[in-house]
C-alpha cells in the first residue's frame, strides 16, 4: 500500500513539474517580443539631460534605433567657438484657415510655446550638450535669460508677458495692459520668432470682446524689440528705418505692395505695411527678414499675410553666415530644415524635423557626423549665438554649466 501511495505521489510531482516547465517555455518563447527602439522606460520625455532618452520625438520611438543617440561625441571638433542654440516647440492650434488670428476659445485649450537652450561645447567629448528650459545667451560678460510667461486674469483674460534680463538681476515682465485686462474677455499671446543679443523678434496676436462697450477686435502684428527695454510691447517697437535706413524702409514698402498685388485675398488687406510691422525668422540656414500686411476693414478683421523682405540680416546680427552653403547641406542631408555653422567653418549643426546632427567640417563637401541628438517634432531655431572661448568668459560659463536650473521668480509692474 505504501508503495502505491509513493508511486502516485511521484507521478503527481512529475505532472506538476511538467506543467510548470511548459508554462515557463511558453512565457519565454511565445511572449510577443519587444520591438527594437520601443521606449518602455518611465523617464521618457523627462528632463534628465540624457540625449539617449530625453525628448525623443513622439510617435517615432518604434522606428528609431536608440543606439544612434549617444551622450558623447564620436570625435571632438577643434573649433574656438561654443554655441547657445535656442529652440521653440510649438504646434499652432487647429482653426479656420480663413481667420488667421486664433480665437481665444481655442488658444486657452492648447499648450503655449515651449523654449529651451542647447549649450554645445564641441571640445567636450563626454557631455557636449547641456540643456536648459527657456533661452539663455551671453551678453556683456553675463548670462542673460529670456522667456514668455502666460498669465490668466480672473479666468477671463489670457496674456503672454515677455522678459529679457541678466541672471544677476531680477527680471521684470513686459508691462501688461491692465485696463484691457480688467474689462475684457479674450487673449493677448506672444511668440518669440528670433532672439539675438540686442534684438528680439516676436509675433503677437490679440482677440477679444469688451462686454461693456459691445466692442470686439482681432489683429496680429510683428514687432522687433530692443533686449535692453521690454517694458511695453506697444511703445518701443524698432522701426525698420532705424536699423536699415530709409533705403531699407523703401524696400520693405515696395515688397509689401507686391505681396498685396499677388494676394488672392487683397480685398481684405492694406496696400502697404507699417514699417514697425516686421520681424526676423531663422530658416534654410539663414536669418530672413519678413513683413506683415494688416487687414483693411471689418470684412477682413483678424486677417493678415506675411512676405519676405529681400534684405540681408547680416547687418543686424553677427556670425549668421552658413558654410557650407544651404544647397550643399540639402544635398547631403535631404530632410534638413535648417542649419548653422561656426564662424571658423569647423562645426556644422543641421536640424531635421526630429533630430539635431553635428558634423565636423573637413571642407565644403566633406563632413563627418559626430553626434545625433533627438528633437521634439517640428522644433525650430529661434536663437543662434556663437561665443569664442577665452579666459574672460570661462568663469561665467563654468557657473552656467554647474548651476542647478530653476524657474525664476518674476515680478510684473
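The values are calculated or read from the model by the stated rules, or taken from the named source; none is laboratory data. Please read these numbers as outputs of a predicted model, since none were measured by experiment. Virtual Cβ from ideal backbone geometry, glycine too; neighbours counted across all protein chains shown.
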- Listed residues 288, 273; which is touching a strand residue (DSSP E or B) at 6+ places or on another chain (Cβ under 6 Å) and under 21 Å from residue 197 (Cβ atoms)? 288
- Any idea which of 350, 362, 370 is more than 14 Å from residue 79 (Cβ to Cβ) and either touching a residue at least 60 places away in the same chain (Cβ under 8 Å) or in contact with a strand residue (DSSP E or B) (Cβ under 8 Å, 6 or more places away or on another chain) (or both)? 350
- Is it the case that some residue within the stretch 177-197 is modelled with pLDDT under 85, part of a loop (DSSP other than H, G, I, E, B) and buried (at least 20 other Cβ atoms within 10 Å of the Cβ)? yes
- Only one of 288, 256, 241, 273 is surrounded by 21 or more Cβ atoms within 10 Å (Cβ to Cβ) and in contact with a helix residue (DSSP H, G or I) (Cβ under 9 Å, 6 or more places away or on another chain); which? 273
- Item | All positions within the stretch 307-321 that are without any contact (Cβ under 8 Å) to a residue 40 or more places away in the chain and crowded, with 18+ Cβ neighbours inside 10 Å | 313
- How many residues are surrounded by 13 or more Cβ atoms within 10 Å (Cβ to Cβ) and closer than 20 Å to residue 148 by Cβ if we restrict to the stretch 79-94? 8
- Residue ID - surrounded by the fewest Cβ atoms within 10 Å (Cβ to Cβ), chosen from residues in the stretch 375-394 that are without any contact (Cβ under 8 Å) to a residue 12 or more places away in the chain and in a loop (DSSP other than H, G, I, E, B): 391
